[in-house]
Each structure stands twice: as structure tokens, then as C-alpha cells.
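Asker: Please see the structure below; I have some questions.
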Amino acid sequence: MHPLDAARALMDGLGADSNVCVKCGSRSIGLCAPLDAAALDDMSGESERIVLEQRDAIFRQGDPARHVYTLTEGMARLTRVLPDGRQAVIGFRFAGDILGFTPEAEHAFGAEMLTRGTVCRLDRRRLEKMFRRYPVMERRFLDLCVRELAASQDHILALGRFSAEERVAAFLVSLAEAQERRGHAGPVFDLPATRADIGEFLGLTLETVSRAVSAFRKRGWIRLHGHSGVELTDREALGSLASGEGADAA
């Protein structure tokens, strides 16, 4: 149920940006994963790296959609402002994920950093030229779009059919899986999103999310570490609940 999405060894000869590209999340699982050294160097030359602090906007709803962004480090949330002024969290993004690609003239939602991080910003017209220059990159982009569509369908199913505890369990499992795909083995996973953020994404109130988290702690399924860390101490139980295989425990 995650809106998230192997690693290949990087060849020598990437120039001054080699260290940055080696550590980039997009290199291992994102848009740049299939590129060879020369193509990666070309991509690096076309893009601009921007360092952002926690709560900085990557782009805002209604901004001109002239650029595409790859989140190279950190975690971000996607938000949509409703006509009545309320703001809804509609997704979370991790290192390697693409943000802001749309055929429309303006962004239909905003993106904001939940942690300090970096993005690679690329003019949309330049990206389209890169697709023509490197067809393997365009195929990779299509693959990522299909995966995101499948994840969105899973999320819609969860919102319509899963109980509150099932939704929270699925979110925690997907959070761990997203970070594991990016080389973070745990056992403590980063959780910079607030419970209000999680509730908005899952269609639950803050209080309902808090009750589910408290219930998981009492059962020994999770352990919280400070304000932004979670350890899944019984991954099997959480996974079973997250898949809809069992009813909420009393």
C-alpha cells in the first residue's frame, strides 16, 4: 500500500560529481538506475542540485510545472489544498522518487520536505530530450509510473476496505520496505511524518492513529525510538494484519 516505489555498481569516470551520484537514491532504484557512466555524467550536467531544510517546499500547488525533481536524499510529503482551505496529505516520497512530472501547466499538488535533504531539479524540456537521447531512461520512467499506479490502486483499496489498524499496519510495513529498498536495514526506521500526517494519508483521525500505535506497542509489535524512529519488533504480525488476512485484535 505504499506510494513508493538492484543496485548496480557505478563505473569510474563520472567526473567531479561522482561521489554525489554514487550516494544518490535515484542511482540505485530511481530514474537513473539503468544509466551507464557516460549517460549518468550527462544527466548530472543537465540537472541542478538543491539542498533543502525540513519543511522547505520543493514546489507548491499551483506553481508553474516547468521542472521535474528527483529526491536524492531525505523524505518528503505530498499535499493538496482543498477548495475550503483544508490541506490533505496525499503521499510520501523517499530518496530516488520522482516528483512534479505532469503534462499540465501547473502542479496539482505541493511537495514539502519532512527532513533535511536534497533534490535534483531538471527542466522538463531537458528531461524530454534526455528520454530521446537515452531510450532506456524513458522505459525506466514508464516502469516507475506503472509501479506508482499500482501502489495508488492498493492505497485506494486499503482506504475503502481496510480497518483502521490494518491501514496503520500497512503504512508501517510499507515504510520499512521503502527504506530497506534504499539500503537501510533497520531495525529502527525513520518516521519523520507526524501522526496527523499519517492520519490524513490513511483517511483517519489523529486520535485513531494514536490508538492503533498504542495497541501495537502493547502487543509488542512495535517499539518507538524518540519522536521520529520506529522499530517493527513483530514484523510477521504486522504484515499479516497489513495484508488483510486477520481482523483487528481485541
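The values are calculated or read from the model by the stated rules, or taken from the named source; none is laboratory data. Because the structure is predicted, anything quoted here is derived from the model rather than measured. Don't worry about glycine lacking a Cβ; one is built from the backbone with ideal geometry, like all the others, and counts go over all protein chains shown.
Asker: Being loosely packed, with under 14 Cβ neighbours inside 10 Å and of a type in the set (D, E, K, R) is the filter here, so list the residues in the stretch 49-79 that pass it. Steps first, answer last, please.
Answerer: In the first step, residues of the stretch 49-79 are kept if they are loosely packed, with under 14 Cβ neighbours inside 10 Å; the result is 51, 53-55, 62, 64.
Once the filter is applied, which keeps residues that are loosely packed, with under 14 Cβ neighbours inside 10 Å and of a type in the set (D, E, K, R), the stretch 49-79 yields Glu53, Arg55.
Asker: Scanning the stretch 180-223 for residues that are assigned to a loop (DSSP other than H, G, I, E, B) and among the hydrophobic types (A, V, I, L, M, F, W, C), which turns out nearest to Ala169 (Cα to Cα)? Give the derivation first.
Answerer: To start, the set of residues in the stretch 180-223 that are assigned to a loop (DSSP other than H, G, I, E, B) comprises 182-187, 191-194, 203-205, 219-221.
Next cut, among the hydrophobic types (A, V, I, L, M, F, W, C) only: 185, 191, 193, 204, 221.
On the way: Ala185: 19, Leu191: 14, Ala193: 15, Leu204: 13, Trp221: 10 Å.
Among residues in the stretch 180-223 that are assigned to a loop (DSSP other than H, G, I, E, B) and among the hydrophobic types (A, V, I, L, M, F, W, C), the one nearest to Ala169 (Cα to Cα) is Trp221.
Asker: Which residue is farthest from Phe201 (Cα to Cα), if the candidates are limited to the stretch 79-105 and must be among the charged types (D, E, K, R) and part of a loop (DSSP other than H, G, I, E, B)? Spell out the reasoning first.
Answerer: The first filter runs over the stretch 79-105 and keeps only residues among the charged types (D, E, K, R), leaving 80, 84, 86, 93, 97, 104.
Restricting the remaining residues to those that are part of a loop (DSSP other than H, G, I, E, B) gives 84, 86, 97, 104.
Values: Asp84: 18, Arg86: 13, Asp97: 18, Glu104: 24 Å.
Here the residue is Glu104.
Asker: Can you find even one residue in the stretch 117-125 that is in contact with a Lys or Arg (Cβ under 9 Å, 6 or more places away or on another chain) and assigned to a helix (DSSP H, G or I)?
Answerer: yes
Asker: Then there is this: Of the conditions (1) surrounded by 17 or more Cβ atoms within 10 Å (Cβ to Cβ); (2) within 20 Å of the chain's Cα centre (by Cα), Phe162 clears all except one; give me its number.
Answerer: In the conditions (1) surrounded by 17 or more Cβ atoms within 10 Å (Cβ to Cβ); (2) within 20 Å of the chain's Cα centre (by Cα), Phe162 misses (2) alone.
Asker: Here's a follow-up. Quick one: which of Leu144, Leu122, Leu114, Leu127 is touching a helix residue (DSSP H, G or I) at 6+ places or on another chain (Cβ under 7 Å) and crowded, with 17+ Cβ neighbours inside 10 Å?
Answerer: Numbers: Leu144 fails: touching a helix residue (DSSP H, G or I) at 6+ places or on another chain (Cβ under 7 Å); Leu114 fails: touching a helix residue (DSSP H, G or I) at 6+ places or on another chain (Cβ under 7 Å); Leu127 fails: touching a helix residue (DSSP H, G or I) at 6+ places or on another chain (Cβ under 7 Å).
Unique residue meeting the criteria: Leu122.
Asker: For Arg217, are the conditions met, namely being farther than 17 Å from Val89 by Cα and either over 17 Å from the mean Cα position of the chain (by Cα) or not basic (Lys, Arg) (or both)?
Answerer: Values: farther than 17 Å from Val89 by Cα: yes; either over 17 Å from the mean Cα position of the chain (by Cα) or not basic (Lys, Arg) (or both): yes.
For Arg217, the condition - farther than 17 Å from Val89 by Cα and either over 17 Å from the mean Cα position of the chain (by Cα) or not basic (Lys, Arg) (or both) - is met.
Asker: If Phe109 satisfies every condition in (1) of a type in the set (A, V, I, L, M, F, W, C); (2) under 30 Å from Ala38 (Cβ atoms); (3) modelled with pLDDT of 95 or more but one, which is the exception?
Answerer: (2)
Asker: Only one of (1) of a type outside the set (Phe, Trp, Tyr); (2) more than 23 Å from Leu114 (Cα to Cα); (3) within 16 Å of the chain's Cα centre (by Cα) is not met by Ala176, so which one is it?
Answerer: Evaluating Ala176 over (1) of a type outside the set (Phe, Trp, Tyr); (2) more than 23 Å from Leu114 (Cα to Cα); (3) within 16 Å of the chain's Cα centre (by Cα) leaves (2) as the failure.
Asker: Return the pairs, sorted by first residue and then second, in which the second residue is part of a loop (DSSP other than H, G, I, E, B) and surrounded by fewer than 17 Cβ atoms within 10 Å (Cβ to Cβ), the first residue lies in the stretch 183-196 and is in the same structural domain as Arg211 (by TED's automatic domain parsing), the beta carbons are less than 7 Å apart, and the residues are 6+ apart or on different chains.
Answerer: Asp190/Ser228; Leu191/Ser228; Pro192/Thr115; Pro192/Ser228
Asker: Please verify whether the stretch 174-194 includes one or more residues that are under 23 Å from Arg55 (Cβ atoms) and among the aromatic types (Phe, Trp, Tyr).
Answerer: Checked against the condition, which is being under 23 Å from Arg55 (Cβ atoms) and among the aromatic types (Phe, Trp, Tyr), the stretch 174-194 yields at least one hit.
Asker: Based on this model, can you work out whether Ala105 counts as on the phi < 0 side of the Ramachandran plot, touching a Ser or Thr at 6+ places or on another chain (Cβ under 7 Å) and of a type in the set (A, V, I, L, M, F, W, C)?
Answerer: Numbers: on the phi < 0 side of the Ramachandran plot: yes; touching a Ser or Thr at 6+ places or on another chain (Cβ under 7 Å): no; of a type in the set (A, V, I, L, M, F, W, C): yes.
Taking the combined requirement at face value, the residue does not satisfy it.
Asker: In this structure, is Met137 surrounded by 14 or more Cβ atoms within 10 Å (Cβ to Cβ), of a type outside the set (D, E, K, R), in contact with a strand residue (DSSP E or B) (Cβ under 7 Å, 6 or more places away or on another chain) and not assigned by TED's automatic domain parsing to the domain that holds Leu238? Reasoning before the result, please.
Answerer: Working: surrounded by 14 or more Cβ atoms within 10 Å (Cβ to Cβ): yes; of a type outside the set (D, E, K, R): yes; in contact with a strand residue (DSSP E or B) (Cβ under 7 Å, 6 or more places away or on another chain): no; not assigned by TED's automatic domain parsing to the domain that holds Leu238: yes.
Considered against the rule, which asks whether it is surrounded by 14 or more Cβ atoms within 10 Å (Cβ to Cβ), of a type outside the set (D, E, K, R), in contact with a strand residue (DSSP E or B) (Cβ under 7 Å, 6 or more places away or on another chain) and not assigned by TED's automatic domain parsing to the domain that holds Leu238, Met137 comes out as no.
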